[in-house]
2 protein chains.
Amino acid sequence: MNEIKIFAPATIANVSCGFDVLGLCLDTVGDEMVIRKTNKKGITISKLVGQDLPLETKKNVAGVAGLAMLEKLNLDHGFEIEIYKKIKAGSGIGSSAASSAGTVWAINELLGKPFATKELVPFAMQGEKLASGTAHADNVAPALLGGFSLVRSYDPLDIIKIPTPSELYATVIHPQIEVKTSDSRSVLKQNITLKKSIIQIGNLGGLISGLYTSDYDLISRSLHDEIVEPLRAILIPGFNEVKQNAIKCGALGAGISGSGPSIFALSKGKEMAEKVAKTMSETYKNLNIDYDIHVSKINANGCRAI
Amino acid sequence: MNEIKIFAPATIANVSCGFDVLGLCLDTVGDEMVIRKTNKKGITISKLVGQDLPLETKKNVAGVAGLAMLEKLNLDHGFEIEIYKKIKAGSGIGSSAASSAGTVWAINELLGKPFATKELVPFAMQGEKLASGTAHADNVAPALLGGFSLVRSYDPLDIIKIPTPSELYATVIHPQIEVKTSDSRSVLKQNITLKKSIIQIGNLGGLISGLYTSDYDLISRSLHDEIVEPLRAILIPGFNEVKQNAIKCGALGAGISGSGPSIFALSKGKEMAEKVAKTMSETYKNLNIDYDIHVSKINANGCRAI
């Protein structure tokens, strides 16, 4: 195989009580990429459609992730990448992670899988490092592995795939506002109370348990974020209203996707997720804020050939 | 049935990264109790063997837990309790919880189970409130439900039973030293760094995941406490040595049981748990500190009739 066309999924990091440790993979939201072997060594970004991003390999997350992977291989050839971006940069649903994860997943396929999928995570994390300054894993891990990924530890890196209840759907709304990464970082507090930490730990334990047992009620009861959401919500106009309306409508829970501005809701069943999408959309319509909206089953498998 | 004799198990609260949210139930360490119906209303502690504890109903945790339960029932009779304490008070393996949980479990049996076992937890928590000032659930919940109990939330109370891998054994050593509850509380810090909280959350997620999948390696990797153990360890002479020796010997992990001074280790298989017991014992022998030592399978069922 010399060429592969793939779907590189969008992802939701943080997932309320899972701040900095949990991410999930979407199924109908993502980029398309074509990766082919070339005689030229290294990585070439030959095409980038849909977003204004640098083509230069070392300035592009796909390039950097690919180079990190090639460093571990001794190849006499290289790869050319075409990226068809559908995920908007800065939307908070893992745009850079999709490109980084997609690149290394595709190269691994073309080479006959020299690496286990989990081993690809550190390469993709190098793309995240270029994009945000931090080599975080909570978007690239679910993009590669699918379903829910728990980052148990960064040192050493330890990623655990958590099972996905079959009727779990996500609704994601992206209000067309800009939240600067520097702002979403600066509102965080370096110290928190032990009490809040314990509440968050209880909820994360409940969420993981609910995912293993497909206990939607427990998932719902656990989807709270005591620590980060109250601080970051103020950066997203309409957040509280959208969240409350989604829950009133029947969503299991809702929160900030990544560092925003996208807002996600989880629901049991596609019908409910679509009803929730309608409610979330109406809320932003009433606020006169433009938005993109997506409804997606949780993608249990991650990147895939198309 | 007018009388029942029961085993009221000891428990390990906190379980490293599960500080304040997780507890587990022991199988071969615990008290015996006899509870019988009496014409006299209310709760009478008629016998208390093995510990110097008050017999007066309102000053005894079993009495207080029993009264909390009777308040919800309209009975024309009462109960008499004999307690044969084998768990030492202040050892850190749920001595008061065993008496509180045992009482309400036994009364529920004698009455033909008007309450689901989980509904008994709030009654038993009243005994804990008498004993320590705080109505905590992380000992009484596993004593009642067996296995591992997650306290997802106190407000509202939400207890989740987590499955127990079949080969999981606990070793518990109780050095004969006194750690004052006031000391073990005063060393705690009310504020922690966000970074430590995230590490703890990742580990708790890993531990819950490992328990669901019987992944002993993952359980082992997750058994860390970033927040409380480093502060409380200084109150327990020999803690670091005992812990390190247990892990060197092959234990999956080790930590402070409850607020100490008991130290627990978890192991895969009885043979390893006994090997670990030998190592832990030798460490305290070398330090000239007397100790009690227990090896127990995790008790998946909690209190039981004997």
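Derivation of every value follows stated rules applied to the coordinates shown; laboratory data play no part. Because the structure is a prediction, the values reported are computed rather than measured. Reconstructed Cβ throughout: ideal geometry from the backbone, glycine too, with neighbour counts over all protein chains shown.
If one takes the longest principal axis of the Cα atoms in chain B, at what angle in degrees, from 0 to 90 and to the nearest 10, does the Cα axis of helix B:194-213 lie?
Between the helix axis and the principal axis of chain B, the angle is about 70 degrees.
Could you work out the helix-only [θ] at 222 nm for the protein assembly as shown, with each DSSP H run of four or more residues adding -39,500 (n - 2.57) and the total divided by the number of residues, to the nearest 500 deg cm²/dmol? Let's see the in-between values first.
Values: 20 runs with 218 residues, N = 612.
Dividing the helical sum by the residues of the protein assembly as shown leaves -11000 deg cm²/dmol.
Can you run phi through the Karplus equation (6.51, -1.76, 1.60; θ = phi - 60°) for region A:167-173 and list ³J(HN,Hα) in whole Hz, with x for Gly and Pro?
Working through the residues one at a time gives 9, 7, 10, 10, 10, 10, 10 Hz.
By per-residue mean of other Cβ atoms within 10 Å, what is the highest-first order of A:95-102, B:296-303? Write out the running numbers ahead of the final one.
Numbers: A:95-102: 32.4, B:296-303: 21.5.
Output ranking for A:95-102, B:296-303: A:95-102, B:296-303.
Could you work out the local net charge near A:K85, counting Lys and Arg as +1, Asp and Glu as -1, over the other residues with Cβ closer than 12 Å to its Cβ? Provide the component values of the computation, followed by the final result.
Working: positive: A:K47, A:K86, A:K88; negative: A:D31, A:E32, A:D52, A:E82.
Neighbourhood net charge equals -1.
Quick one: helix B:270-286 against the long Cα principal axis of chain B, what's the angle to the nearest 10°, folded into 0 to 90?
80
Output the pairs from A:K72/A:K180; A:K118/B:K268; A:K180/A:K285; A:K5/A:K41; A:K161/B:K268; A:K47/A:K278 with a Cα-Cα distance over 29 Å in this structure; if there are none, say none. Can you show the working numbers first?
Values: A:K72/A:K180 34 Å; A:K118/B:K268 26 Å; A:K180/A:K285 23 Å; A:K5/A:K41 20 Å; A:K161/B:K268 23 Å; A:K47/A:K278 35 Å.
Over 29 Å Cα-Cα: A:K72/A:K180; A:K47/A:K278.
Taking each residue of B:188-197 in turn, how many C-beta atoms of other protein chains fall within 10 Å of its C-beta, and what is the average?
Working: counts 1, 3, 4, 9, 8, 5, 11, 4, 4, 12.
Taking the mean over all residues of the peptide, I get 6.
What do you get for trypsin sites (Lys or Arg not before Pro) in region A:181-290 restricted to DSSP loop and a cutoff of at most 15 other Cβ within 10 Å of the site's Cβ?
Details: sites: A:R185, A:K189, A:K195, A:K196, A:R221, A:R232, A:K243, A:K248, A:K268, A:K270, A:K275, A:K278, A:K285; in loops: A:K189.
Passing both the DSSP loop test and the Cβ count: A:K189.
Which net charge results for the neighbourhood of B:L110, defined as the other residues with beta-carbon distances under 12 angstrom from its beta-carbon, given Lys and Arg at +1 and Asp and Glu at -1?
Numbers: positive: B:K5, B:R36, B:K37, B:K113; negative: B:E3, B:E80, B:E109.
Net charge in that neighbourhood comes out at +1.
Relative contact order for region A:168-297: what is it in percent, counting Cα pairs under 8 Å that are at least 6 residues apart?
On the way: 213 pairs, mean separation 52.2, N = 130.
Relative contact order for region A:168-297 comes out at 40 percent.
For chain A, what is the relative contact order in percent, using Cα pairs closer than 8 Å and at least 6 residues apart in sequence? Please list the in-between numbers first.
Values: 736 pairs, mean separation 74.5, N = 306.
Answer for chain A is 24 percent.
Once amide H atoms are built 1.01 Å from N in the peptide plane, which residues 5 or more positions from A:L22, or in another chain, come under 5 Å H to H?
It is A:N14, A:V151, by chain and number.
Only sites in a loop by DSSP and with at most 10 other Cβ atoms within 10 Å count here; which GluC sites (Glu not before Pro) in region B:1-76 make the cut?
Numbers: sites: B:E3, B:E32, B:E56, B:E71; in loops: B:E56, B:E71.
In loop regions of region B:1-76 (DSSP not H, G, I, E or B), the sparsely surrounded GluC sites (Glu not before Pro) are B:E56, B:E71.
Only sites in a loop by DSSP and with at most 15 other Cβ atoms within 10 Å count here; which GluC sites (Glu not before Pro) in region A:120-184 make the cut?
Details: sites: A:E128, A:E167, A:E178; in loops: A:E167, A:E178.
Here the sparse-neighbourhood loop sites are A:E167, A:E178.
For a quick check: with amide H placed at 1.01 Å from N, whose amide H comes under 5 Å from B:D215's, ignoring anything fewer than 5 positions away on the same chain?
Close amide H contacts, sequence-distant or interchain: none at all.
Which residues' amide hydrogens lie under 5 Å from the amide hydrogen of A:R304, considering only partners 5 or more residues apart or on another chain, with H built in the peptide plane?
Amide H to amide H, under 5 Å and 5 or more residues apart or across chains, A:R304 pairs with A:F7.
What does the average come to when, for each residue of peptide A:20-28, you count the partner chain Cβ atoms lying within 10 Å of its Cβ? Don't skip to the end; give the middle numbers.
Values: counts 7, 9, 3, 0, 0, 0, 0, 0, 0.
Taking the mean over all residues of the peptide, I get 2.
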